[in-house]
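The values are calculated or read from the model by the stated rules, or taken from the named source; none is laboratory data. Being a predicted model, the structure only gives us computed values, none of them experimental. Methodologically, a virtual Cβ is constructed for each residue, glycine included, from the backbone with ideal geometry; neighbour enumeration extends over all protein chains shown. In case anyone asks, the SASA skips ligands and DNA or RNA and just uses the protein heavy atoms, side chains included. Shrake-Rupley method; radii C 1.70, N 1.55, O 1.52, S 1.80 Å.
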Amino acid sequence: METAIALTQTITRLRSRLRQESSPSTSEISMPQLTALARIISDGPIANVTLATREHVRPQSMSEFVRALEAHGFVERLPDPDDGRRVLFTATAAGHRIVDAVMEARHAWLTDAIDETLSPAERDILAVAVDLIDRVASAQARR
C-alpha cells in the first residue's frame, strides 16, 4: 500500500510540474481545453458525449470547452457518417500545432530534468520503471 500511495503522489507531482513547465498562453487556451484538444487529436473524430466520458467531465462542460476550441480555430465540426443528427469534432492544423508545441515543451523540460538530476545508471533504472508503471496502468481492476 505504501508504494501505491507514494506512486500516486509522485505521478500527481510530476503531472503538475509538466503542466507548469508547458502551460500554453492563457490568452489562447486553458489547460482543460488543451486536454480536450489532445483527446480529440488522439481519438477523433469524436462526438461530444464520447469526449466528455473519456475526459470524465459532464457533456455540458465539454460542450463549453469545444466551443472555445472552435472559436480559436483549433477544432472543426464534421457530420457523423453513421448518424446525420450527430456532430463529430476533429482537430485542425492549428490545433495540432498548439498541442505539439506544448508536448515539445514538456518533453524538453523532462529531458533536461532527467539529464541534470540522474546518473546514467539511474536513467537506466528509470527506463525500466517507466515500463513497469505502464504495465500497472494497463492492468485491469480485480475487485
Apart from one, (1) out of contact with any helix residue (DSSP H, G or I) (no Cβ under 6 Å at 6 or more places or on another chain); (2) in contact (Cβ under 8 Å) with a residue 12 or more places away in the chain; (3) assigned to a helix (DSSP H, G or I) all hold for Trp109; the odd one out is (1)
Listed residues Ala121, Ala139, Ala94, Ala129; which is open to solvent by less than 70 Å² (accessible area, probe 1.4 Å) and in contact (Cβ under 8 Å) with a residue 12 or more places away in the chain?
-> Ala94
Condition met for Ser61 (small (Gly, Ala, Ser), surrounded by 14 or more Cβ atoms within 10 Å (Cβ to Cβ) and more than 25 Å from Val136 (Cα to Cα)) | no
Test Val75 against the criterion of being closer than 19 Å to Met31 by Cβ, modelled with pLDDT of 95 or more, of a type in the set (Val, Ile, Thr) and open to solvent by less than 80 Å² (accessible area, probe 1.4 Å), and give yes or no.
-> yes
Residue by residue through the stretch 44-67, note down the ones that are at pLDDT 95 or above and under 18 Å from Ala93 (Cβ atoms).
-> Pro45, Ile46, Val66
